[in-house]
1. Would you call residue 104 touching a strand residue (DSSP E or B) at 6+ places or on another chain (Cβ under 6 Å), within 13 Å of ligand 1 (Cβ to nearest atom) and under 26 Å from residue 195 (Cβ atoms)?
2. If residue 89 satisfies every condition in (1) farther than 15 Å from residue 245 by Cβ; (2) modelled with pLDDT of 95 or more; (3) within 15 Å of ligand 1 (Cβ to nearest atom) but one, which is the exception?
3. Examine region 56-72 for a residue that is farther than 23 Å from residue 165 by Cβ, away from ligand 1 (no atom under 16 Å from the Cβ) and in contact with a strand residue (DSSP E or B) (Cβ under 7 Å, 6 or more places away or on another chain), and state whether such a residue exists.
4. Across region 64-101, which residue is farthest from residue 122 (Cα to Cα) among those that are in contact (Cβ under 8 Å) with a residue 24 or more places away in the chain and over 31 Å from the mean Cα position of the chain (by Cα)?
5. Given (1) over 24 Å from residue 54 (Cβ atoms); (2) in a strand (DSSP E or B); (3) within 10 Å of ligand 2 (Cβ to nearest atom), where does residue 265 come up short, assuming only one miss?
6. Out of all the residues in region 208-220, is one or more on the phi > 0 side of the Ramachandran plot and surrounded by fewer than 24 Cβ atoms within 10 Å (Cβ to Cβ)?
7. Could you list, in sequence order, all residues of region 395-413 that are out of contact with any helix residue (DSSP H, G or I) (no Cβ under 6 Å at 6 or more places or on another chain), outside any strand (DSSP E or B) and modelled with pLDDT of 95 or more?
8. Only one residue in 158, 115 is within 30 Å of residue 27 (Cβ to Cβ), more than 14 Å from ligand 1 (Cβ to nearest atom) and within 28 Å of the chain's Cα centre (by Cα). Which one?
Ligand code: GUN
Ligand code: ZN
């Protein structure tokens, strides 16, 4: 029995990987739909036919279920649910956080999860709510860590997950990630983020997840507990989250909400069903509203959309276009944009994992200037060899009388002609230049100027950009492009 994780492709801190659990394989990023055996709007068998390789269910529900308890012990979860993929069980910690105390001990839930043949077993961690103070967060984290250690000692051969808690305190989250890592976990869920996502606190979410990731090894598969809505998957994957579990497809269906990758809509307000899934293409909005099967059909649609977004993210990682997808998704809501901006604020950290070369780079507005590729380019610029008299031309024209002539491409900056075909300069598409991207390019130029105090720099650009060049790179001579 074992859990192993293999990374196949990377983009930003996101990865396409293979999670192996016992003899089963799950392609990641993966969505584990939450299955409630008492109200299966979509059956696990149907999910499997939709490409679901892993699901999650709550051990707590089985433990208390008159209908399923004995059967689960006798035949195992896979038989009860009629699903032969990976089944992860949650311990009941979520109930603990919502309803107060749960009458189950750590040892009891661990024994029960194994008795019903769960593939991934979760100890009884404590999800500390975001409004908890530091003392409480630290105390609850200590208890969570004790329970994780106890789980390891009692069941050294079990496929255990190591939840990372710590409230909203980034140092505690990093410490928790490190502690879970030190215990050798290959699978670490990040917990207690549901309230952050429910209140759209994406900036806090980014801080908490990146802190946990700093403590964890890049070789560990990271699960984001209780996430969520497909509009935030790309952001979470960019931070290095590999698995999600979501009940949103069913919860939203119950409330008559229609999920799209950008947000959700009220079915009652829809004139059209703007989605290619088989539900939406087989009926009109009016027919769906009036269908006696409406809740189930809506859940099917919601799940289709959610799974398609996961597939889109996996493709984007392989194409090296995850930043573009994050950019697109995070413009669906101002608070997601906050999360995106917070992610960009950590570009230096993300840059260490981000591939050196990608297929393309699209400029999509000022946020693009803070992406990992721009940052990395600015870091290598000081190493460009230059002579005594250096010309940086915005128009690329040949010019005699200089020892070194460099071209200029925003948002990157100056580059020697030898780099014209290489990533990112050669693979980047930018619209008509704007102030933000030229300023970013000038920051690159400034790095070059500062690295070569012995050289004399001249910039040839049109009037339009001369002011920005003078502001951003003091001390350079600016020539008019007509000269
Ligand atoms: N489901 C949502 N959040 C959590 C969490 O923090 N811990 C566990 N065990 N399950 C969850
Ligand atoms: Zn649909």
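The values are calculated or read from the model by the stated rules, or taken from the named source; none is laboratory data. This structure is a prediction, so every number in the text was calculated from the model and none was measured. Cβ coordinates were reconstructed from backbone atoms using ideal geometry, including for glycine residues, and neighbour counts include every protein chain displayed.
1. Values: touching a strand residue (DSSP E or B) at 6+ places or on another chain (Cβ under 6 Å): no; within 13 Å of ligand 1 (Cβ to nearest atom): yes; under 26 Å from residue 195 (Cβ atoms): yes.
Criteria not met by residue 104.
2. (1) is the only condition that residue 89 fails.
3. Narrowing region 56-72 to residues farther than 23 Å from residue 165 by Cβ: 62, 64-72.
Next cut, away from ligand 1 (no atom under 16 Å from the Cβ) only: 64-72.
Add one more test, that the residue is in contact with a strand residue (DSSP E or B) (Cβ under 7 Å, 6 or more places away or on another chain), and what stays is none.
No - not one qualifying residue is present in region 56-72.
4. If we filter region 64-101 for residues that are in contact (Cβ under 8 Å) with a residue 24 or more places away in the chain, which is where we start, we get 65, 67-68, 72-73, 76-78, 80-97.
The next check asks that each one be over 31 Å from the mean Cα position of the chain (by Cα); those that pass are 65, 67-68, 72-73, 76, 80.
Working: 65: 19, 67: 23, 68: 20, 72: 17, 73: 17, 76: 17, 80: 20 Å.
Per the criteria, the residue is 67.
5. The failed condition is (3).
6. Within region 208-220, the first condition is being on the phi > 0 side of the Ramachandran plot, and the residues that meet it are none.
Scanning region 208-220, I find no residue that is on the phi > 0 side of the Ramachandran plot and surrounded by fewer than 24 Cβ atoms within 10 Å (Cβ to Cβ), so the answer is no.
7. 402, 403
8. On the way: 115 fails: within 28 Å of the chain's Cα centre (by Cα).
Step by step, each of 158, 115 is checked, and only 158 is within 30 Å of residue 27 (Cβ to Cβ), more than 14 Å from ligand 1 (Cβ to nearest atom) and within 28 Å of the chain's Cα centre (by Cα).
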